[in-house]
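Note sheet for the following structure.
The values are calculated or read from the model by the stated rules, or taken from the named source; none is laboratory data. Quantities reported herein were computed from a predicted structural model and do not represent experimental measurements. With ideal geometry, Cβ positions are generated from the backbone for all residues, glycine too; neighbour counts draw on all protein chains shown.
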Amino acid sequence: MKVKVSRKAHFNAAHRLYRKDWDDSKNTEIFGKCNNPNFHGHNYELVVSVTGEIDAETGFVMDMKVLKDLIKVEIEDYLDHKNLNIEVEEFKSLNPTAENIAVIIWKKLRQHITKAHDLEVVLYETPRNFVTFSG
Ligand code: NI
(Lines give C-alpha, C1' and ligand atoms only; values in the text may rest on other atoms or scores of the structure.)
Protein backbone atom coordinates (compact mmCIF):
# COMPACT_ATOMS: atom_id res chain seq x y z
CA MET A 1 0.00 0.00 0.00
CA LYS A 2 1.78 3.10 -1.22
CA VAL A 3 1.09 6.55 0.18
CA LYS A 4 2.30 9.94 -1.08
CA VAL A 5 3.43 12.48 1.50
CA SER A 6 4.14 16.09 0.52
CA ARG A 7 5.91 19.10 1.93
CA LYS A 8 5.54 22.69 0.71
CA ALA A 9 8.43 25.12 0.57
CA HIS A 10 9.14 28.54 -0.80
CA PHE A 11 12.00 30.60 -2.18
CA ASN A 12 12.50 33.89 -3.99
CA ALA A 13 14.97 34.12 -6.83
CA ALA A 14 15.89 36.29 -9.79
CA HIS A 15 16.54 35.13 -13.31
CA ARG A 16 16.82 36.07 -16.94
CA LEU A 17 15.87 33.75 -19.80
CA TYR A 18 17.95 34.24 -22.93
CA ARG A 19 20.43 32.59 -25.23
CA LYS A 20 23.76 34.21 -25.94
CA ASP A 21 23.71 32.78 -29.44
CA TRP A 22 20.41 34.53 -30.29
CA ASP A 23 20.08 38.24 -31.04
CA ASP A 24 17.91 40.61 -28.96
CA SER A 25 14.84 40.37 -31.15
CA LYS A 26 14.85 36.56 -31.16
CA ASN A 27 15.34 36.47 -27.36
CA THR A 28 12.48 38.93 -26.85
CA GLU A 29 10.28 37.01 -29.26
CA ILE A 30 10.79 33.73 -27.41
CA PHE A 31 11.30 34.79 -23.80
CA GLY A 32 9.31 38.06 -23.63
CA LYS A 33 9.60 39.89 -20.31
CA CYS A 34 11.73 37.08 -18.90
CA ASN A 35 14.52 38.32 -21.22
CA ASN A 36 14.85 41.58 -19.23
CA PRO A 37 18.65 42.19 -19.14
CA ASN A 38 18.28 43.58 -15.60
CA PHE A 39 16.76 40.33 -14.33
CA HIS A 40 13.47 39.98 -12.44
CA GLY A 41 12.24 37.93 -9.53
CA HIS A 42 9.71 35.21 -8.90
CA ASN A 43 8.18 33.88 -5.70
CA TYR A 44 8.65 30.18 -6.30
CA GLU A 45 6.42 27.73 -4.49
CA LEU A 46 7.65 24.17 -4.25
CA VAL A 47 5.79 20.95 -3.43
CA VAL A 48 8.01 17.93 -2.82
CA SER A 49 6.27 14.55 -2.67
CA VAL A 50 7.65 11.21 -1.57
CA THR A 51 5.73 8.00 -2.29
CA GLY A 52 6.35 4.71 -0.57
CA GLU A 53 5.13 2.04 1.80
CA ILE A 54 4.03 3.01 5.29
CA ASP A 55 6.67 1.85 7.77
CA ALA A 56 5.07 -0.69 10.11
CA GLU A 57 6.86 0.62 13.21
CA THR A 58 6.55 4.39 12.76
CA GLY A 59 3.44 4.64 10.62
CA PHE A 60 5.39 7.08 8.41
CA VAL A 61 6.32 6.87 4.75
CA MET A 62 9.09 9.33 5.60
CA ASP A 63 9.78 11.43 8.67
CA MET A 64 8.52 14.87 7.59
CA LYS A 65 11.08 16.56 9.83
CA VAL A 66 13.80 14.87 7.79
CA LEU A 67 12.14 15.97 4.53
CA LYS A 68 11.70 19.52 5.84
CA ASP A 69 15.38 19.75 6.82
CA LEU A 70 16.48 18.24 3.51
CA ILE A 71 14.53 20.83 1.50
CA LYS A 72 15.88 23.61 3.72
CA VAL A 73 19.52 22.62 3.32
CA GLU A 74 19.52 21.40 -0.30
CA ILE A 75 17.05 23.79 -1.92
CA GLU A 76 16.11 26.83 0.15
CA ASP A 77 19.64 27.60 1.35
CA TYR A 78 20.92 26.97 -2.20
CA LEU A 79 18.39 29.02 -4.19
CA ASP A 80 16.65 31.53 -1.91
CA HIS A 81 17.44 35.18 -2.67
CA LYS A 82 19.87 34.17 -5.38
CA ASN A 83 20.34 35.41 -8.91
CA LEU A 84 20.00 32.01 -10.56
CA ASN A 85 21.95 32.91 -13.72
CA ILE A 86 24.93 34.34 -11.85
CA GLU A 87 25.08 32.59 -8.49
CA VAL A 88 23.92 29.05 -9.11
CA GLU A 89 26.44 26.79 -10.82
CA GLU A 90 23.91 24.71 -12.77
CA PHE A 91 22.45 27.79 -14.52
CA LYS A 92 25.69 29.29 -15.73
CA SER A 93 25.16 27.31 -18.92
CA LEU A 94 21.48 26.35 -18.61
CA ASN A 95 18.43 28.62 -18.94
CA PRO A 96 16.77 28.89 -15.49
CA THR A 97 13.27 28.11 -16.72
CA ALA A 98 10.79 26.59 -14.28
CA GLU A 99 11.31 23.29 -16.13
CA ASN A 100 15.08 23.32 -15.63
CA ILE A 101 14.83 24.52 -12.02
CA ALA A 102 12.42 21.67 -11.22
CA VAL A 103 14.83 19.11 -12.72
CA ILE A 104 17.79 20.53 -10.75
CA ILE A 105 15.75 20.45 -7.52
CA TRP A 106 14.71 16.84 -8.21
CA LYS A 107 18.30 15.77 -8.89
CA LYS A 108 19.57 17.39 -5.70
CA LEU A 109 16.87 15.80 -3.54
CA ARG A 110 16.97 12.39 -5.25
CA GLN A 111 20.48 11.74 -3.91
CA HIS A 112 19.11 11.88 -0.35
CA ILE A 113 15.84 9.95 -0.74
CA THR A 114 15.94 6.17 -0.41
CA LYS A 115 15.65 4.27 -3.70
CA ALA A 116 12.54 2.53 -2.35
CA HIS A 117 10.69 5.86 -2.53
CA ASP A 118 9.44 7.75 -5.57
CA LEU A 119 10.13 11.48 -5.68
CA GLU A 120 8.04 14.17 -7.38
CA VAL A 121 8.74 17.90 -7.56
CA VAL A 122 6.09 20.49 -8.46
CA LEU A 123 7.41 24.01 -8.92
CA TYR A 124 5.14 27.06 -9.20
CA GLU A 125 6.79 30.03 -10.90
CA THR A 126 3.56 32.00 -10.60
CA PRO A 127 0.28 31.02 -8.92
CA ARG A 128 -0.96 29.87 -12.34
CA ASN A 129 2.17 28.47 -14.01
CA PHE A 130 3.71 25.31 -12.61
CA VAL A 131 5.75 22.34 -13.77
CA THR A 132 6.04 18.77 -12.51
CA PHE A 133 9.06 16.46 -12.66
CA SER A 134 9.25 12.95 -11.27
CA GLY A 135 12.35 11.56 -12.93
NI1 NI B 1 10.70 35.01 -15.29
### Positions within the stretch 89-113 being part of a loop (DSSP other than H, G, I, E, B) and in contact (Cβ under 8 Å) with a residue 40 or more places away in the chain, in sequence order
Asn95, Pro96, Thr97, His112, Ile113
### Query
Does Val3 satisfy the condition of being over 21 Å from Tyr124 (Cα atoms) and among the β-branched types (Val, Ile, Thr)?
yes
## Note on the structure
Going through the stretch 1-45 in order, the residues found to be in a strand (DSSP E or B), of a type outside the set (Val, Ile, Thr) and away from the ligand (no atom under 16 Å from the Cβ) are Lys2, Lys4, Ser6, Arg7, Lys8, Ala9, His10
### Query
Hey, among Glu125, Glu90, which residue is within 16 Å of the ligand (Cβ to nearest atom) and under 24 Å from Asn35 (Cβ atoms)?
Glu125
### Some residue of the stretch 81-101 being within 17 Å of Ser6 (Cα to Cα) and under 10 Å from the mean Cα position of the chain (by Cα)
no
### Task
Please give the number of the condition Lys82 fails out of (1) loosely packed, with under 14 Cβ neighbours inside 10 Å; (2) among the basic types (Lys, Arg); (3) modelled with pLDDT of 95 or more.
(1)
### Message
Condition (residue is of a type in the set (Val, Ile, Thr) and farther than 24 Å from Thr126 by Cβ) applied to the stretch 82-93: is it met by at least one residue?
### Response
no
### Task
Take the stretch 115-126 and flag every residue that is more than 11 Å from Val48 (Cα to Cα), more than 12 Å from the chain's Cα centre (by Cα) and touching a residue at least 12 places away in the same chain (Cβ under 8 Å).
Ala116, His117, Thr126
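Answer yes or no: is there a residue in the stretch 65-72 that is touching a residue at least 24 places away in the same chain (Cβ under 8 Å), of a type outside the set (A, V, I, L, M) and within 16 Å of the ligand (Cβ to nearest atom). Full working, then the answer.
Step one: of the stretch 65-72, the residues touching a residue at least 24 places away in the same chain (Cβ under 8 Å) are 67-68, 70-72.
Imposing the further condition that a residue be of a type outside the set (A, V, I, L, M) reduces the set to 68, 72.
Next cut, within 16 Å of the ligand (Cβ to nearest atom) only: none.
No, the stretch 65-72 has no match at all.
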### Message
Can you find, within the stretch 14-54, the residue that is farthest from Lys107 (Cα to Cα) among those that are surrounded by 14 or more Cβ atoms within 10 Å (Cβ to Cβ) and small (Gly, Ala, Ser)?
### Response
Ala14
### Task
Confirm whether Leu119 is part of a strand (DSSP E or B), surrounded by 13 or more Cβ atoms within 10 Å (Cβ to Cβ) and touching a Gly at 6+ places or on another chain (Cβ under 7 Å).
yes
### Message
Just to be sure before I move on: is Asp77 at pLDDT below 95, exposed (fewer than 14 other Cβ atoms within 10 Å of the Cβ) and among the charged types (D, E, K, R) in the structure I sent?
### Response
no
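Among the residues of the stretch 1-33 satisfying the criterion of being hydrophobic (A, V, I, L, M, F, W, C) and farther than 17 Å from Leu79 by Cβ, which is modelled with the lowest pLDDT? Spell out how you get there, then give the answer.
Filtering the stretch 1-33 down to residues hydrophobic (A, V, I, L, M, F, W, C) leaves 1, 3, 5, 9, 11, 13-14, 17, 22, 30-31.
Next cut, farther than 17 Å from Leu79 by Cβ only: 1, 3, 5, 22, 30-31.
Numbers: Met1: 89, Val3: 98, Val5: 98, Trp22: 96, Ile30: 96, Phe31: 95.
Here the residue is Met1.
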